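Please read the structure below before turning to the comments.
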Amino acid sequence: MKTFYSEAHRKHDPPFEVFDGGLRVPYLENPDRMDRILNALSKTDWAEVIEPTDFGLDPIYAVHDKDYIDFLASCWTEWLDTDARDKSTLLPSTFALRRHPQKPTSLLGRAGYFMMDLSACIVEGTYHAALASANCALSAAQAVANGERSAFALCRPPGHHAGKDYAAGYCFINNASVAANWLSAGKVALLDIDYHCGNGTQDIFYERNDVLTISIHADPNFEYPHFAGFADEMGAGAGLGFHKNFPLEKGTDNARYLSAVEEALSLIRKFAPKYLVVSAGMDIYAEDPLGTIKVTTDGIREIGRRISALGLPTVIVMEGGYNNDALGRNIIGILGEFK
Ligand code: SP5
Ligand code: ZN
């Protein structure tokens, strides 16, 4: 299986993130995650790791607002020009609610406007890494458009929390959405199995009927991102009926999770897309430090088997997953069903 991967992610290595209560913790979405996956892939006889192609900015502007991408491009240099005492990561402390915000011009104003939380930390290498990550997703989409049955985008940073005009939850550019939009000359289904709701993907496609978006995740009534992912959010305008959320309770086991997967797959069959994009977060794993869902490695393999049985040309995009010891084995579990 073609796996698109760039070393550019290594320079996106924020020193910390901030949890609820103001607790500074080491950045969970760290470069070691990729090493664990690369190591596991290198032990298979079917994974071929390839550098992504550069698709330029147009496919990114097609899903994100230009002023947001411009902010990502210039904010680090601007941050170094400020008189902040600790410049180790750009992290604002004031955030814009999307009620009647005035578009700010200052750096910290824009940071608070274009960022949703305290885990989308920006450092010098972030923008370059985010572009390379999006190019991995686009390259995997191109491989599938050219006839591959499946391809893997080994993306870091991940993407599914990034909306049209904001970074959130370790995500800056919505890789899976960029790929799905690039493929959307025909109908595309995007299935998000990350533990967290794919709020950014939901935001991007909410009013579109050519991309069916489905997210299976921990109920936002108790889990991040708190403000999206509820069952009654089903799309709007032309997109009404083309978004589906499956909020799940704490402790969800393999059987319950797989029943949500089956419901999602029957919606996809009915939609009859040309391509499938999977936002593959491995934080559904029972031993994940951020998760509360109890899917095992066997469960992850079974999820892969059932998605693969759709028989659709499929782009698998890396999202979250923070139990680094289990990450390689879990990714091999799902990818192995497509090889
Ligand atoms: C891509 C992805 O999986 N992003 C997840 C971002 C989650 N950030 C919010 C973290 C909330 C931390 N709550 C602490 C619970 C520790 N047991
Ligand atoms: Zn997640």
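Provide the convex hull volume over Cα atoms per residue for segment 263-337, in Å³.
About 84 Å³ per residue, rounded to a whole number.
Roughly how many Å is it from the Cα centre of segment 290-339 to that of segment 154-230, as a whole number?
Comparing the Cα centres of segment 290-339 and segment 154-230, I get a distance of 17 Å.
Please tell me the relative contact order of the chain in percent, rounded to the nearest whole number, where contacts are Cα pairs under 8 Å and at least six residues apart.
19
Say the dipole of the chain comes from +1 at the beta carbon of Lys and Arg and -1 at that of Asp and Glu; which of 272, 111, 231 then lies farthest toward its positive end?
Checked the options; the winner is 272.
Limiting things to C-alpha atoms, what are the Rg and the maximum Cα-Cα separation (Dmax) for the chain, in angstroms?
Over the chain's Cα set, Rg and Dmax evaluate to 18.4, 56 Å.
Rg to Rh for segment 204-339: what is it, with Cα atoms only and Rh by Kirkwood?
Ratio value, two decimals: 0.95.
Suppose we keep just the DSSP beta bridges with both residues in the chain; what percent of those would be antiparallel, to 5?
If I count the DSSP bridges inside the chain, around 15 percent turn out antiparallel.
Restricting the calculation to Cα positions, tell me the Rg (one decimal) and the Dmax (whole number) of segment 1-148 in Å.
Over segment 1-148's Cα set, Rg and Dmax evaluate to 17.6, 55 Å.
Give me the orientation-averaged projected area of the Cα convex hull of segment 86-183, in nm², one decimal.
7.0
Apply the a/c threshold of 1.5 to the C-alpha gyration tensor of segment 87-140 and tell me whether it is rounded, prolate or oblate.
Verdict is prolate for segment 87-140.
Select from the chain the helices, each a whole stretch of DSSP H, whose alpha-carbon atoms run 18 Å or more along the helix axis and whose Kyte-Doolittle mean is at least -1.0; answer none if there are none.
Passing helices, by number: 66-80, 126-145, 254-271.
When Lys and Arg each count +1 and Asp and Glu each count -1, what net charge do the other residues less than 12 Å away from residue 279, Cβ to Cβ, add up to?
Value of the local net charge: -4.
Can you give the Kirkwood hydrodynamic radius for segment 180-283, in Å, rounded to one decimal and based on Cα pairs?
It works out to 13.5 Å.
Where does segment 51-127 land on Rg/Rh, using Cα atoms and the Kirkwood Rh?
On the Cα set of segment 51-127, Rg over Rh gives 0.99.
Summing Lys, Arg as +1 and Asp, Glu as -1, what charge do residues with Cβ under 12 Å from the Cβ of residue 16 carry, residue 16 excluded?
Taking every other residue near residue 16 into account, the sum is -3.
Bear in mind that the values in this text are calculations on the coordinates, not laboratory data. The shown structure was predicted, so the numbers you read here are calculated from the model rather than taken from an experiment. Every residue, glycine as well, gets a Cβ built from its backbone with ideal geometry; the counts of neighbours run over all protein chains shown.
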